[in-house]
Structures are given as structure tokens and as C-alpha cells.
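Read-outs: derived from the displayed coordinates by stated rules, not from any lab. Keep in mind it's a predicted model, so treat the numbers as computed, not measured. We place every Cβ from the backbone using ideal geometry, glycine too, and count neighbours over all the protein chains shown.
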């Protein structure tokens, strides 16, 4: 049974991603590792723009404790891509993002070329111990929760 | 319940990995994405050295269709690391690698700083359709199977 | 004497570049290495779109034999950037690109945050020996020559 | 006139570098960008081990203001490499490193596969204004000066 490929319309927030020459590996397509860089970029970008996260000074930061990805179809530089972001689970101190990568320009019914998730645990920047998600970040994340 | 952290002795093959300045992200430790690069490096290196894979000319190549990682403890450049590799499942056309990252110099009882898996589906280089794993690769992979 | 910072108007072709979380290093700004990835992306993208280069099958490919960059001002993810591209020297078998990185949205008088050059020697894909630049690539490159 | 290829014996300090699957680009060899990551790794590793630099807390840090590389011969993952490091110029607030990459296991007469330089300007971490190189870093750098 082939894996289910999510659609663009399954995600709440979308971010443009330009591919790079280096994204292509020796087999001529975007390397599997690089998708996780797209994931990171989409989620943190949302936290910065909509939740007030400051990478260099916020007292609470999100650390990745788990990630996963399924790859459905190859893409290659110089393709323009788009990441779809949603929140699959929002806890007191952790959030699970659902993320999918699409070829840019595709409509809402287009199938993802890859999709996966990762979990951010929020910690105190100095002590690295888990803390409650600060209200501005939580408010931003709540807007992406899918039921 | 905290996740189980595998031990170095749980893996059959080990590969030294030198960290790089760029591996550290703005939070001062190796970025979550980079661990997947270590995974790729450990598995393909084994296929090249022990299974005769030639990245530029082998008619059958392994494409990643799924990957996942759990992160247990931070590490940072300039730490020396080691990847442990094993085969968790060996099918006709696909293999699931189990991989863990350790601080180099640790003994067999040392706990992994991260561990995960990825799945290679072997395909014809030109057509990209799945094919049976060629005998030399299969023989090499069989030696890493854990029961 | 501070180095001269080129302006956006000094470049013929411009390419949008989205930054990534991983571009920022431990000091909180885009790592010096990453600018070369922007350079590569801008030049090869132009060759693909305007000169007919096919990364996986063109019989003639460009290999980098020299590169350099001067860094004028820090930028950081999630900034949107733009690369400016021109041809500083076009020989029989080699081209020297001039490239600069700008904050996106800046006008033509805006100063580069970094600028540099790199040299592509064109070679036969199989033998890797230098060959004359094929006419479609040369025509594309000629349009970017500055005097 | 072909460029001069330095020898391993021309460098004072050597660092082992393990290549990665992702280092290879679509043309099957280590991408030109990646060499700068080796440069960064070699120089900062020396400052950390021999000069007491702490990436996360030192009040004075080195920022790259200029870099360059010449590429002499291709190398590819899974090759083991070695970086040679020296100091070509040591000023009050800046240092110019000379760096070359060798295939590991080669003797002192072996020619570099690539070589280049980069300039670190030392700045106050908070204000990012240039400052004198702190004595422990200077002492470490002086040991690598070549005349």
C-alpha cells in the first residue's frame, strides 16, 4: 500500500523555498537530508514572524527532539518549492509540527513530494530545561492547529 | 517515559565522523538536520567499501524513501563522533538501516546521543524503478542484520 | 581603506534566495561558507534557464577552479536575499562570474552585503578535459558581460 | 602557467576531515563550497584546542571578512582528507590563515587538492567592533606563522 501523500490544502501556513545547487546530490535530485532543512526553516520562520521568537536573545527556545520524513517523489534544483506547515499536537511544553514540501505553483490539490513532522520541546535558553511555551508563541501555534 | 537510548554494542559497524564548524547552529550544538547527513554517510560508506557500490556508475542505486531520528543529548563541534550501523530489516528490494551517533572514544556501553533509521529502496539508476538488491550489496547488508 | 561595496545596479541578472535556519552559524548570522552556495546557485541557475544546461545530461559542464568572497555586512535568516550576477571575463573555455549578495527589496543603489567571483572552466563531462564553451551557453554568458 | 600547488610540509598544523555523502555534488565530487567548510573547521578547531576559544561564551570572536580558494584536483566522498593550517599574516586585530586540503595518508611532499586563505577579524562578541587579538589566541596563532 503506497503511503498517503498529503495535499497543500492540508496545511495552514505556506512558505516559499528556493532550492540551491548544493541541494542536489550525486543522483541528481534534492538530497533526503535537505528536506529537514526546509522543515526547520518553515517552522522557525513562522515562530519568528508570528510568535516573536528572537534566535539570538529569546529566553525560551525550541529544541528538536524527534523528526521524521517520508519521500514521495524526487525534486531537483532549480525547482521552486513551498513548505506547508501545521500543528498536529500542541502540549504544555512541546509542539509537533506537520510539514510537507510541494512544488511551487501547484494548487491546493497538489500532492506533497515529501512530508513529515518534528517535535520542538521548549527550554530555557541558559539551563536547557523544559518550560511552558510562552504565550506569544503558543498563540501563534494555536492558529495552526488542525483537528 | 523517556526514550530508550541504544548502546554502541547494539550496532555492528562503526564509522568515525569529524564534526564541522557549520554543524553547530545558532543554539551552539549540532543541528538536528546534520544527523541525517551522518546517517547517509555511514550507510553509503559501508555500501561502497563492503558492497562494491560506485556512486557514479553502479547500475543499481539506493534511494531514501523514509527516515527518522530521535535526539537524546546535544553534541557540538569540535567533538569527534562515531556512527553505529546495523540492518534492522532486509527485504528483496529495500533495506532498513538502524543508525546511532555516539561520542567517539566511548565504550560499548555508552548511550547514543541520537538514533534513528532510514530505508533505502534499490532502483535502476536510469529508470528509477525498484529492482532486487544486487548480490554483492545483499551479502554486505546481511552481515549487519540484527535479530 | 574599506573595500568597495558594489551596488545592485552593477549586476545584470538577479535571483531571489530564501535563507534557511541552517545558514545561521553559532554567531547568529549567515555563515561565510554559505555565500558560496548562493554564488553557485545564481550562476548555474542562469546557465540552466538561459543557456540550456542540463545538470544530469549536458555533455559539457562547468567546474569551479577558483572562487573568492569579501564580506561587508552580516545578514541572518530569516532575511530574504537576492544575488546579482554578471560576467567579468569570458574566455574560450572559461568564464569569470562577478556575484554579489543583497538584502531583497533594496533598490539599485543598495550596497552588497558580500561580493566575490568564481571561475568556471567548461569540460567534457566524461573526460573532464577543457573544451570550448558551447554556443548556447556562450550566448547566454555574453548577455551578462560588463565592460 | 598552472597554479602552484602547495605541499603538506608547507603547513604547520594538520587536522583530519572525514568526507560526507552530501559533500559530493551532482558532478560526483566534493562541491567547491564544501572546501570552505573544511577551512572554517580547521582554523576554528585550532583556536578552540590551542587558543582557548569558546564558541558560546568567549568575549572575543573571529569573523570572516574575506576568503578565497583555488581547486587543483577533484576529490570525492568517501575519501579521507586532511587540512593543513598555517598563519600567513598576523596583525593586531586580524589574522590571515593559509589552508590547504590533502588526501589523507599522503606524505609531506604530496600536492594539495585545493588551497586558499581566509581572514578573521577579531571583534567584541556583543558590539561586533574590532579589538586586539587576546593573548592566548595570539600565542596560539604565533606558533603557526610562516615566514
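How big is the Cα convex hull of the protein assembly as shown in projection, averaged over all directions, in nm²? Don't skip to the answer; put the middle values down first.
Values: hull surface 109.4 nm².
Convex hull of Cα atoms, orientation-averaged projection: 27.4 nm².
With label points set 7 Å from Cα along Cα→Cβ, the inter-copy distances at residue A:49 are 2.1, 4.3, 4.4 nm, sorted shortest first. The label-point distance for residue A:50 and residue B:96, in a model that sets each label 7 Å from Cα toward Cβ, rounds to 3.4 nm. The two copies B and C are related by a rotation, and the chain B beta carbon nearest its axis, with distance in whole angstrom, is B:26, 3. Rounded to the nearest 10 degrees, the angle from helix B:32-51 to the longest Cα principal axis of chain B is 40 degrees. Using C-alpha pairs under 8 Å with a sequence gap of at least 6, the mean separation divided by the residue count of chain B gives a relative contact order of 33 percent.
In this assembly of identical copies, the label point of residue A:142 (Cα plus 7 Å along Cα-to-Cβ) is separated from its counterparts by 5.9, 6.1, 6.4 nm, sorted shortest first. Copy-to-copy label distances for residue D:126, where each label lies 7 Å from Cα along Cα-to-Cβ, are 1.4, 6.5, 6.6 nm in order of increasing length. Our note on the geometry: Cα centres of the stretch C:12-61 and the stretch B:18-86, 23 Å apart. Please list, by residue number, everything in the stretch C:100-119 whose backbone N is under 14 Å from a paramagnetic label point 7 Å out along Cα→Cβ of residue C:73. Zone members listed by number: C:101-115. Only helical DSSP H runs with n ≥ 4 go in: add -39500 (n - 2.57) per run for the protein assembly as shown, normalise by residue count and round the 222 nm mean residue ellipticity to 500 deg cm²/dmol. Rounded to the nearest 500, it is -6000 deg cm²/dmol.
Below 8 Å, C-alpha to C-alpha, sequence gap of six or more: please give me the relative contact order for the stretch D:64-147 in percent. Normalised by residue count, the contact order of the stretch D:64-147 is 35 percent.
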